[in-house]
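The next block holds one structure in the form of structure tokens; read it before the comments.
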Amino acid sequence: MGFKYGKSRTKSFKHGKQSKKDRTNEDLLYEILLKSGVELTAKIEEIKVGYNTLYNIGQGALLVCLDDKITQDVIDEIPKHKSLFMDTKVIFKEAGFMSDATKINAIQNLKQFKIEDVRSV
């Protein structure tokens, strides 16, 4: 049994809340894990795709990209890591897409690989 912990960043907290602009991708990732019901002890694999980072949590159960400029290479990489045992959920950072059309195209590309649960934060 194990657990993960992070260092407190007290300088970024104001009245008990962390400013959204001070949040790191790691902060957002752990918030997503908690809200998705994924155990914090789940294996997290960090996959570099060019300048982007794709997080593979729980052997493809959850794939997350929180970068500000999501490339087509990331979209093409996702199906290679989808779970063989359960439906894969994909989460992107909303601001990562240059336009709504780009986001819609990404979702349609993933649907071709039977990845239906695609969300943005």
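The values are calculated or read from the model by the stated rules, or taken from the named source; none is laboratory data. These numbers come from a predicted model, not from an experiment. Using ideal geometry, Cβ is built from the backbone for each residue, glycine included, and neighbour counts are taken over all protein chains shown. Heads up: the accessible areas ignore ligands, DNA and RNA and are worked out on the full protein's heavy atoms, side chains in. Shrake-Rupley method; radii C 1.70, N 1.55, O 1.52, S 1.80 Å.
Take the conditions of a type outside the set (Lys, Arg) and assigned to a strand (DSSP E or B) and apply them to Val38. Does it pass?
Answer is no for this residue.
Being more than 15 Å from Leu66 (Cα to Cα), of a type in the set (A, V, I, L, M) and open to solvent by less than 100 Å² (accessible area, probe 1.4 Å) is the filter here; which residues of segment 31-40 pass it? Don't jump to the end; show me each part of the working.
Residues of segment 31-40 more than 15 Å from Leu66 (Cα to Cα): 34-40.
After this cut, where a residue has to be of a type in the set (A, V, I, L, M) as well, the list is 34, 38, 40.
Those that are more than 15 Å from Leu66 (Cα to Cα), of a type in the set (A, V, I, L, M) and open to solvent by less than 100 Å² (accessible area, probe 1.4 Å): Val38, Leu40.
In segment 41-86, which residue that is assigned to a strand (DSSP E or B) and of a type in the set (Asp, Glu) is least open to solvent (accessible area, probe 1.4 Å)? Spell out how you get there, then give the answer.
Let us first name the residues in segment 41-86 that are assigned to a strand (DSSP E or B), namely 44-49, 52-57, 62-65.
When the remaining residues are screened for being of a type in the set (Asp, Glu), the result is 45-46.
Numbers: Glu45: 75, Glu46: 117 Å².
Among those residues, the one meeting the criterion is Glu45.
Quick check on segment 14-37. Is at least one of its residues under 15 Å from Lys89 (Cα atoms), at pLDDT 50 or above and touching a Gly at 6+ places or on another chain (Cβ under 7 Å)? No, that holds for no residue. Scanning segment 87-114 for residues that are of a type in the set (S, T, N, Q) and crowded, with 21+ Cβ neighbours inside 10 Å yields a single hit, Thr88. Applying a threshold of 9 Å to beta carbon distances and a minimum spacing of six or more residues, or different chains, the list of pairs starting in segment 76-89 at a residue that is aromatic (Phe, Trp, Tyr) and ending at one that is open to solvent by 100 Å² or more (accessible area, probe 1.4 Å) reads Phe85/Gln59.
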